[in-house]
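A.B. asks: My questions all concern the structure below.
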Amino acid sequence: MTAPAPSRPGRRRVRFHWRAHTVLLVTLVVMIYPLVWLVGASFKPENQIFTTVNPLPFQFTFGNYVSGWTATGTSFTVYLANSVTVSVCVVVGNLISCSLAAYAFARLDFALRRMWFGLMLGTLMLPFQATLIPQYTIFYRLNWINTFLPLVVPYFLAYDAFFIFLMVQFIRGIPRELDEAAALDGAGHVRVFFTIIVPLLRPALITTGVLTFIWTFNDFLRQLVYLSDNSRYTVPLGLNSFIDKASGSSYGGMLAMSVVTLVPTIAVFLISQRRLVDGVANTGIK
């Protein structure tokens, strides 16, 4: 017996899925091609980088990584260490200060709480450039310019309103009955926060940590404003310095160091991908 021919709606559905998959495949190729080209070009000799659109190298070489590591006069290890140091400190500051501020807004009753919460959300509408000059003036008078302090200290003072709002949304989803039960046992706000809220807040904390690390590691403008010593440069400034030193004539080392720069952020994202998605979904941020 021969199988019955698919009905007309069935054929339309098959054609729709085939076209949709084709569009998605083309979109994937367009989006991933620059990254593939970057990795492939980092292994090409200098005279072959821009001669073809083929991302695969005809002659495989590690020379770009060897020469690029010290092309700026400072080892790229210094830039990586500075970026990791700043990023880790900012992550710690955000986790501590934002969680405490979020608990206060979500659980404590104090005067003008709604007004302060609204003002905090209002800061999300201000671009960094709007407050750049006043902040620079303050840090200049504190003699913090060309140090990591302007990049780190504000985040220990609940500087990032986005993550405060994210944690507030998460804490509001935690039943208050847990707090009340702990209060009946004599627990105060400090004990409730550390024994009940923090363990249940783990998905939001992971989300905050991962996004903070990636955004800080890739930040350029803020670090460009406050850092002027080459030995304190982070990875984005190191790449910019590399271009200046190369005078636009040597791209192999720059591309190789760009690939190295991608490794930490991609690794952090892949390791925490599942918990990052769960944390964003559970906070009500759609």
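A.B. asks: Being in a helix (DSSP H, G or I) and over 30 Å from residue 241 (Cβ atoms) is the requirement here; does residue 138 meet it? Let's see the steps before the verdict.
C.D. replies: Numbers: in a helix (DSSP H, G or I): yes; over 30 Å from residue 241 (Cβ atoms): no.
For residue 138, the condition - in a helix (DSSP H, G or I) and over 30 Å from residue 241 (Cβ atoms) - is not met.
Okay, residues lined up against (1) modelled with pLDDT of 85 or more; (2) assigned by TED's automatic domain parsing to the domain that holds residue 230; (3) in a helix (DSSP H, G or I):
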{"position": "13", "(1), (2), (3)": "no, no, yes"}
{"position": "17", "(1), (2), (3)": "no, no, yes"}
{"position": "30", "(1), (2), (3)": "yes, no, yes"}
{"position": "59", "(1), (2), (3)": "no, no, no"}
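A.B. asks: Just checking: which of the helices (runs of 4 or more DSSP H) contained wholly in the range 159-210 hold 2 or more residues that are surrounded by fewer than 17 Cβ atoms within 10 Å (Cβ to Cβ) and more than 23 Å from the chain's Cα centre (by Cα)? Talk me through it step by step, then tell me what you get.
C.D. replies: Working: elements: 161-172, 176-184, 189-192.
Helices (runs of 4 or more DSSP H) meeting the threshold: 176-184, 189-192.
A.B. asks: Sticking with this structure for a sec: Is it fair to say residue 110 is surrounded by 14 or more Cβ atoms within 10 Å (Cβ to Cβ), modelled with pLDDT under 95 and more than 21 Å from the chain's Cα centre (by Cα)?
C.D. replies: On the way: surrounded by 14 or more Cβ atoms within 10 Å (Cβ to Cβ): no; modelled with pLDDT under 95: yes; more than 21 Å from the chain's Cα centre (by Cα): yes.
So residue 110 does not fit the description; no.
A.B. asks: Looking at the range 58-77, which of its residues are of a type in the set (Phe, Trp, Tyr) and over 17 Å from residue 38 (Cα atoms)? Even if it seems obvious, please write down each step before you answer.
C.D. replies: Here is the first cut: in the range 58-77, the residues of a type in the set (Phe, Trp, Tyr) are 58, 60, 62, 65, 69, 76.
Passing the criteria: only 76.
A.B. asks: For the range 46-98, how many residues meet the condition of being of a type in the set (Ser, Thr, Tyr) and farther than 14 Å from residue 260 by Cα? Break it down into steps so the answer makes sense when it comes.
C.D. replies: Of the range 46-98, the ones of a type in the set (Ser, Thr, Tyr) are 51-52, 61, 65, 67, 70, 72, 74-75, 77, 79, 83, 85, 87, 97.
From the residues that got through so far, the ones that are farther than 14 Å from residue 260 by Cα too are 51-52, 61, 72, 74, 85, 87, 97.
Residues that pass the stated criteria total 8.
A.B. asks: May I ask you to list the residues in the range 67-106 that are outside any helix (DSSP H, G or I) and among the aliphatic types (A, V, I, L, M)?
C.D. replies: Step one: list which residues in the range 67-106 are outside any helix (DSSP H, G or I), which gives 69-75.
The answer is 71, and nothing else.
A.B. asks: Could you list, in sequence order, the residues of the range 107-126 that are part of a helix (DSSP H, G or I) and in contact (Cβ under 8 Å) with a residue 60 or more places away in the chain?
C.D. replies: The initial filter retains those residues of the range 107-126 that are part of a helix (DSSP H, G or I), namely 107, 113-125.
Within the range 107-126, just 107 meets the criteria.
The values are calculated or read from the model by the stated rules, or taken from the named source; none is laboratory data. Not measured: the values here are computed from a predicted model. Cβ atoms come from the backbone with ideal geometry, glycine included; neighbour counts cover every protein chain shown.
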